[in-house]
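The values are calculated or read from the model by the stated rules, or taken from the named source; none is laboratory data. Just so it is clear, the model here is predicted, and its values are computed rather than measured. All Cβ positions, glycine included, derive from the backbone under ideal geometry; neighbour counts span all protein chains shown.
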């Protein structure tokens, strides 16, 4: 019996996610509030050359996704790279990868849930942030517990809204650039890309430091690997999703930002609110702020929805590996690992409590360690893929349906790139403390692993 069959028989996961679900899950995971509000920060760092940073980051992420995709198509399981690290590398790497990923998404989910309350507050200022956060926590949890199809459908439509907003921005922006529509008939042209200090106003250093934020903005694309255990046809849907999602993300990010910088000098972006508000306002849409608030609310809910989904599956997989309590592998009649979902939701509820106790102050240190946790995840994926190739041998490797291009050089390039990002973080005040917290986090997980091993030996 294959690993996949074993997993399905033990846990009764349902292969209910269609190609359209997986496409949008992966796309939605990487398009969030970072683009809608955070793009102003990256533009200030690199100027128009930020487009190069997103292209470089996109290439690296594509290679990482191909490495994960190779293993996911060969052995489509719900635990994704935690399972692969355990199977092809060792017990501690599997333990570390799973819990590190889970923690990463708990923190991200907490942050997204917190901003959900802020966005609701825009329309209903009398409702406390913690109340609206609590309401959406319950709603999204119930959706995830209901069925994987319910999660997939909700995430599909959440992403449609986000993507539609970006496409509208690009289209409206093109009309302004080429025809001056909404700008009193005066076409802006593209000269803003080089007339304010040049295309690369802050030099190579500006582009390099922006890569830290750029890489972080791509976080979430690895959700494709998590969906493998519930994809209805993983050998077709996973490769298709991976090959299409990266260039779509690049189009949305690079396209949107280039249009934005054509409309406004790069050094003015971020000085007048959100880039999207600027463009919608330019088009004469008076309700731009309301539209944007709805879009970013959707983006935050989408991120939380995906975070809860992936965390439930990760706990499920860790339980099957023996790296988490057995109760976490329990699955409902509808095929959802409901215990893992509820436990993850309970930890995320800390965000509600914190918003009640200290409204307006949110998780600076936790977010920083989540950044480094994401880098650790991607590095481990590429190391695990090398271990995977060594384990199956060159003969079996030739038979792989979805190979990582340029193996093993792709792996070394990606690992070196992530090492460079870590070094660059030391020069950014908002990220430097993550470097201090990272060793502590590794030690905590190692101690937890040793305690788990000790408890197992006592039982046996």
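Overview of results
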| quantity | calculated |
| --- | --- |
| Index of the failed condition, residue 149 passing every other in (1) in contact with a helix residue (DSSP H, G or I) (Cβ under 6 Å, 6 or more places away or on another chain); (2) in a helix (DSSP H, G or I); (3) at pLDDT below 85 | (1) |
| Hits in region 388-417 (condition: in contact (Cβ under 8 Å) with a residue 40 or more places away in the chain, in a helix (DSSP H, G or I) and crowded, with 19+ Cβ neighbours inside 10 Å) | 388, 410, 411, 414, 417 |
| Residue satisfying all of: in region 421-441; free of Cβ contacts under 8 Å to residues at least 40 places away in the same chain and part of a helix (DSSP H, G or I); farthest from residue 101 (Cα to Cα) among these | 429 |
| Any chance residue 126 is within 23 Å of residue 300 (Cα to Cα), more than 20 Å from the chain's Cα centre (by Cα) and outside any helix (DSSP H, G or I) | yes |
| In region 74-97, residue surrounded by the fewest Cβ atoms within 10 Å (Cβ to Cβ) [restricted to those that are at pLDDT below 90 and under 21 Å from the mean Cα position of the chain (by Cα)] | 76 |
